[in-house]
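Everything on this sheet refers to the single structure shown next.
The values are calculated or read from the model by the stated rules, or taken from the named source; none is laboratory data. Predicted, not measured: the structure shown is a model, and the values here were computed from it. FYI the Cβ positions are ideal-geometry reconstructions off the backbone, even for glycines, and counts take in every protein chain you see. Accessible surface areas use protein heavy atoms only, side chains included; no ligands, DNA or RNA. Shrake-Rupley method; radii C 1.70, N 1.55, O 1.52, S 1.80 Å.
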Amino acid sequence: MRPHSILAAAASLAATVASQSGPFSMTPATQVSPSGAAVAYGLSAPSGTVYSILANLTGGPTDFLGERFYLDVSPTLVTLDAGVMPTLGRVNHLLNIPPFAGALGLVIYGQGATIDSTAPNGLFRVTNAESSVLYTTPTALVESFDNPLGSGFTGSFSQSIRGHISGGAITQRTHEVLPNAAFFPHPLQNPLNPLGCREQMVFRASDIGATGEREVVTAIRWYSLTPVSTDSFGQITLLAGHTPVVPDYSLDPWTALPVAPGSGLDPVFTQNYVPNEPPQIVFSGRYDLSPSSRRFDGYVPLPVLPAFEYDGSSSLLLEFQTDPDANATGLNGFYGHLMVQSSPNPAARNTKGGTPTGPVIPSQATTGDGDNWLAQMQFEFARVTTEAVSPFQDSQHLNPDYDTPRLATSLPSGTSVAVEYRGSANSSGTNPTAWSASPDIADGLRYLQYRITFRADLATGEVPVIDTLVVPIR
């Protein structure tokens with residue numbers, strides 16, 4: 001049924017009767033036998049309510065006239081039942097499915113709608129949604145997410161949608177790098193050097209207020225104590241990445257020298273990368289500055305696109321690559337703090353800056369000079385990934401063989417879900433296996449645990465939704 005067909009039907013029925021919507025139910029998982037399968041479904045609503053029950057083989061969501069359908073509005077959308085609610089206020093039916101190739105893993109998405117002239121759209125309301133997953137194995141672990149918190153799930157998920165589990169809302173935070181160290185009141189030209197520069201800066205997890213949760217870096221700003229002068233650089237590349245470097249700025253109480261002078265950045269730029277994980281380019285292009293660039297709080301934005309995903313616990317590495325530009329003035333500079341005053345080590349930054357006698361082409365610079373000047377920066381973070389971790393579920397098998405899991409999901413554009421599994425021989429989870437994308441890692445172990453990672457869409461704020469998770473067992 002197409003959206004205009006839904007509208008025509010709703011408009012016709014709206015003239016007949018108005019009432020409140022009621023709960024919809026559907027068997028969460030159904031075993032397919034040689035003779036087929038039967039999926040039970042039903043709807044409750046006040047007597048006399050005009051209703052319809054819709055189903056599809058693909059999930060939504062589909063927003064229509066201010067109502068959200070958790071199933072797809074596509075050519076495979078069908079009406080399972082429609083009519084006027086009887087006196088008892090409940091209809092119950094069986095959907096008989098004949099055996100056919102491809103039945104394994106088939107998901108049937110269902111949802112009800114009732115005519116209601118008092119609804120915000122003046123036509124109808126939708127009910128809660130439910131799904132049924134078909135499986136062919138003798139048994140299965142079935143998670144319908146009716147009450148995730150009550151059944152022992154932990155994490156940052158949401159259960160605001162009835163009978164579903166979904167990603168938590170996107171949260172945002174702003175953090176200033178203001179270490180307990182001496183503020184250096186003079187600007188340092190690099191990386192805004194018209195003679196070229198390659199510079200790395202390292203920020204420990206504590207420097208940026210890491211929460212332990214994965215976040216994306218949506219904004220980076222540098223601090224200017226004084227007004228910004230008009231300037232323009234034809235080409236600046238900004239990279240962000242993780243680094244194993246964790247500078248220790250602690251001082252020996254007797255010598256006042258750093259206790260770990262070698263804990264900072266290495267002079268060789270590439271030595272500060274995580275192996276096989278080079279930093280990500282978050283901006284590459286022209287960078288223009290003017291007095292209006294400086295915000296009310298003294299911070300000056302750097303272009304950041306796309307956002308960098310920070311793991312929540314590692315040190316953050318920023319790298320600037322500034323091409324020489326004869327038209328740039330170099331009148332601006334970053335401000336920061338001296339983390340140690342008795343020594344240049346450990347290095348908070350590693351810099352190769354151009355001079356009148358030696359301009360720097362950043363792509364050709366392999367080593368730099370380190371010091372423990374830490375730039376005062378402002379970062380904005382957004383949490384777009386959240387997770388839900390189940391308790392260890394009892395398969396009721398002494399030697400289970402877990403089969404391919406099936407998910408009933410509703411995934412708004414730009415969202416995703418990923419599920420990992422691990423097993424244990426007991427319900428307390430003693431000596432569990434490693435996490436794996438496949439439950440096969442838990443074969444032979446009676447108890448199975450799953451971890452769901454939800455990824456929201458940063459642009460829209462939409463989050464993914466799961467109705468049912470089924471792990472067939474042979």
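I need the full set of residues from the range 133-149 which are more than 24 Å from the chain's Cα centre (by Cα) and part of a loop (DSSP other than H, G, I, E, B), in order please.
The first filter runs over the range 133-149 and keeps only residues more than 24 Å from the chain's Cα centre (by Cα), leaving 133-142.
The answer is Thr136, Thr137, Pro138.
From the set of residues in the range 273-294 that are open to solvent by 80 Å² or more (accessible area, probe 1.4 Å) and assigned to a strand (DSSP E or B), which is nearest to Thr366 (Cα to Cα)?
Restricting to residues being open to solvent by 80 Å² or more (accessible area, probe 1.4 Å) and assigned to a strand (DSSP E or B), the top hit is Ile281.
Looking at the range 442-474, which of its residues are in contact with an Asp or Glu (Cβ under 9 Å, 6 or more places away or on another chain) and open to solvent by 20 Å² or more (accessible area, probe 1.4 Å)?
Asp443, Gly444, Arg446, Tyr447, Arg451, Thr453, Val463, Arg474
What's the number of the only condition in (1) buried (at least 18 other Cβ atoms within 10 Å of the Cβ); (2) out of contact with any Asp or Glu (no Cβ under 9 Å at 6 or more places or on another chain); (3) in a loop (DSSP other than H, G, I, E, B) that Pro391 fails to meet?
Result: Pro391 fails condition (1) only.
Each row is one residue, and each column tells you yes or no for (1) in contact with an Asp or Glu (Cβ under 9 Å, 6 or more places away or on another chain); (2) among the aliphatic types (A, V, I, L, M).
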residue	(1), (2)
Ala38	no, yes
Tyr41	yes, no
Thr49	yes, no
Phe69	yes, no
Tyr109	yes, no
Ala119	yes, yes
Glu130	yes, no
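Out of the residues in the range 234-260 that are assigned to a loop (DSSP other than H, G, I, E, B) and hydrophobic (A, V, I, L, M, F, W, C), state the one that is farthest from Val274 (Cα to Cα). Lay out the reasoning, then the answer.
Of the residues in the range 234-260, the ones assigned to a loop (DSSP other than H, G, I, E, B) are 244-247, 252-257.
Imposing the further condition that a residue be hydrophobic (A, V, I, L, M, F, W, C) reduces the set to 245-246, 254, 256-257.
Details: Val245: 9, Val246: 12, Trp254: 35, Ala256: 31, Leu257: 28 Å.
Checking each candidate, the answer is Trp254.
If the Cβ limit is 6 Å and pairs must be 6+ apart or interchain, which residue in the range 148-172 that is under 15 Å from Val417 (Cα atoms) pairs with which residue that is in a loop (DSSP other than H, G, I, E, B) and among the hydroxyl-bearing types (Ser, Thr, Tyr)?
Qualifying pairs under 6 Å: Gly168/Ser156.
Quick check on Gln189: is it touching a helix residue (DSSP H, G or I) at 6+ places or on another chain (Cβ under 7 Å) and touching a residue at least 40 places away in the same chain (Cβ under 8 Å)? Outline the logic, then answer.
Numbers: touching a helix residue (DSSP H, G or I) at 6+ places or on another chain (Cβ under 7 Å): no; touching a residue at least 40 places away in the same chain (Cβ under 8 Å): yes.
Judged against the criteria, Gln189 is not a match.
Among (1) surrounded by 21 or more Cβ atoms within 10 Å (Cβ to Cβ); (2) part of a loop (DSSP other than H, G, I, E, B), which single condition is Met201 missing?
So Met201 meets the others, but not (2).
Which one of these is more than 22 Å from the chain's Cα centre (by Cα) and hydrophobic (A, V, I, L, M, F, W, C): Ala388, Ala459, Ala408, Ala442? Outline the logic, then answer.
Working: Ala388 fails: more than 22 Å from the chain's Cα centre (by Cα); Ala459 fails: more than 22 Å from the chain's Cα centre (by Cα); Ala408 fails: more than 22 Å from the chain's Cα centre (by Cα).
The conditions single out Ala442.
Considering only residues that are over 15 Å from Tyr70 (Cα atoms) and surrounded by fewer than 21 Cβ atoms within 10 Å (Cβ to Cβ), which ones fall in the range 40-57?
Those that are over 15 Å from Tyr70 (Cα atoms) and surrounded by fewer than 21 Cβ atoms within 10 Å (Cβ to Cβ): Ala40, Gly42, Ser44, Pro46, Ser47, Gly48.
Looking at Asn121, Asn190, Asn147, can you tell me which residue is touching a Leu at 6+ places or on another chain (Cβ under 8 Å) and open to solvent by 30 Å² or more (accessible area, probe 1.4 Å)?
On the way: Asn190 fails: touching a Leu at 6+ places or on another chain (Cβ under 8 Å); Asn147 fails: touching a Leu at 6+ places or on another chain (Cβ under 8 Å).
Selected residue: Asn121, the only one of Asn121, Asn190, Asn147 that is touching a Leu at 6+ places or on another chain (Cβ under 8 Å) and open to solvent by 30 Å² or more (accessible area, probe 1.4 Å).
So, in the range 320-351, how many residues would count as being assigned to a strand (DSSP E or B) and crowded, with 22+ Cβ neighbours inside 10 Å?
The initial filter retains those residues of the range 320-351 that are assigned to a strand (DSSP E or B), namely 320-322, 334-338, 349-351.
Still in the list and also crowded, with 22+ Cβ neighbours inside 10 Å: 320-322, 334, 336, 349-351.
Adding up the residues that qualify gives 8.
How many residues are open to solvent by 10 Å² or more (accessible area, probe 1.4 Å) and not hydroxyl-bearing (Ser, Thr, Tyr) if we restrict to the range 237-249? Step through it out loud before you land on a result.
Taking the range 237-249 as the starting set, the residues that turn out to be open to solvent by 10 Å² or more (accessible area, probe 1.4 Å) are 237, 239, 242, 244-246, 248-249.
Those still in the list that are not hydroxyl-bearing (Ser, Thr, Tyr) too: 239, 242, 244-246, 248.
So the count comes out to 6.
Counting only residues that are more than 15 Å from Asn272 (Cβ to Cβ) and either assigned to a strand (DSSP E or B) or in contact with a Cys (Cβ under 7 Å, 6 or more places away or on another chain) (or both), how many does the range 363-373 have?
Adding up the residues that qualify gives 1.
State whether one or more residues within the range 358-376 are over 18 Å from Leu192 (Cβ atoms) and open to solvent by less than 20 Å² (accessible area, probe 1.4 Å).
Yes - at least one qualifying residue is present in the range 358-376.
Do we have Ala408 as touching a residue at least 60 places away in the same chain (Cβ under 8 Å), open to solvent by less than 50 Å² (accessible area, probe 1.4 Å) and of a type outside the set (Lys, Arg) here? Before the answer, list the steps.
Details: touching a residue at least 60 places away in the same chain (Cβ under 8 Å): yes; open to solvent by less than 50 Å² (accessible area, probe 1.4 Å): yes; of a type outside the set (Lys, Arg): yes.
When the stated conditions are applied, Ala408 passes them.
Quickly run through the range 58-92 and pick out the residues that are within 13 Å of Val126 (Cβ to Cβ), surrounded by 15 or more Cβ atoms within 10 Å (Cβ to Cβ) and among the acidic types (Asp, Glu).
Across the range 58-92, the qualifying residue is only Glu67.
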